[in-house]
Amino acid sequence: MALERTFSIIKPDATARNLTGKVNAMIEATGLRIVAQKRIKMTRDQAETFYAVHSARPFFGELVDFMVSGPVVVQVLEGDNAVAKYREVMGATDPSKADAGTIRKEVALSIGENTVHGSDAVETAAIEIAQFFSGNEIVG
Ligand code: CMP
């Protein structure tokens, strides 16, 4: 098994409902370690850069508006197969399609207000982590 890092965002729908601790408990129950974490108000520029891959999608404006609508918690998660393991516990993007026991099934409100983001690959994770953390902020 490969020791990996992945990037996570606990989104504004979760911070608004005081669910950071519940999401963190579900993350830690998988064995993943939260090796960096900070609560920030994302700027519009940060959100547009972060989601640039979706800029042509019809929901892009809505997505950026949502991500800057309240505090988020950005995180680095570390563990064996961290990218796949986190995607498994997050569940499907659309919470109505997510498996029981996943974060999105248990907590998320809709495909937009879907509580968490997780990187889709190790290479993407490295890029996403570098957008929010410097090396000395990550303590494994
Ligand atoms: P995330 O994993 O953060 O990556 C892109 C996000 O776009 C995704 O989670 C959803 O929150 C959001 N998204 C995807 N499809 C839609 C949609 N049809 N309407 C609104 N938001 C969407």
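The values are calculated or read from the model by the stated rules, or taken from the named source; none is laboratory data. What you are looking at is a predicted structure, and each value in this text was computed from that prediction instead of being measured. No Cβ is skipped: glycine too gets one built from the backbone with ideal geometry, and neighbour counts run over all protein chains shown. The area values use the complete protein model at the heavy-atom level, side chains included, leaving out ligands, DNA and RNA. Shrake-Rupley method; radii C 1.70, N 1.55, O 1.52, S 1.80 Å.
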With respect to the numbered conditions (1) open to solvent by 80 Å² or more (accessible area, probe 1.4 Å); (2) in a helix (DSSP H, G or I); (3) of a type outside the set (D, E, K, R), which one is the sole condition not fulfilled by residue 15? (1)
Checking residue 91 against (1) at negative phi; (2) touching a Gly at 6+ places or on another chain (Cβ under 9 Å); (3) surrounded by 20 or more Cβ atoms within 10 Å (Cβ to Cβ), which single condition isn't satisfied? (1)
Can you tell me how many residues within segment 51-87 are part of a strand (DSSP E or B) and open to solvent by less than 50 Å² (accessible area, probe 1.4 Å)? 8
Sole residue being within 18 Å of residue 128 (Cα to Cα) and within 16 Å of the ligand (Cβ to nearest atom), chosen from 56, 47: 47
List the number of the failed condition for residue 109; all other conditions in (1) part of a loop (DSSP other than H, G, I, E, B); (2) touching a residue at least 60 places away in the same chain (Cβ under 8 Å); (3) touching a Gly at 6+ places or on another chain (Cβ under 9 Å) hold. (3)
How many residues of segment 20-44 are outside any helix (DSSP H, G or I), open to solvent by 30 Å² or more (accessible area, probe 1.4 Å) and away from the ligand (no atom under 16 Å from the Cβ)? The answer is 9
Only residues that are within 8 Å of the ligand (Cβ to nearest atom) and hydrophobic (A, V, I, L, M, F, W, C): list them for segment 91-118, please. 111, 116
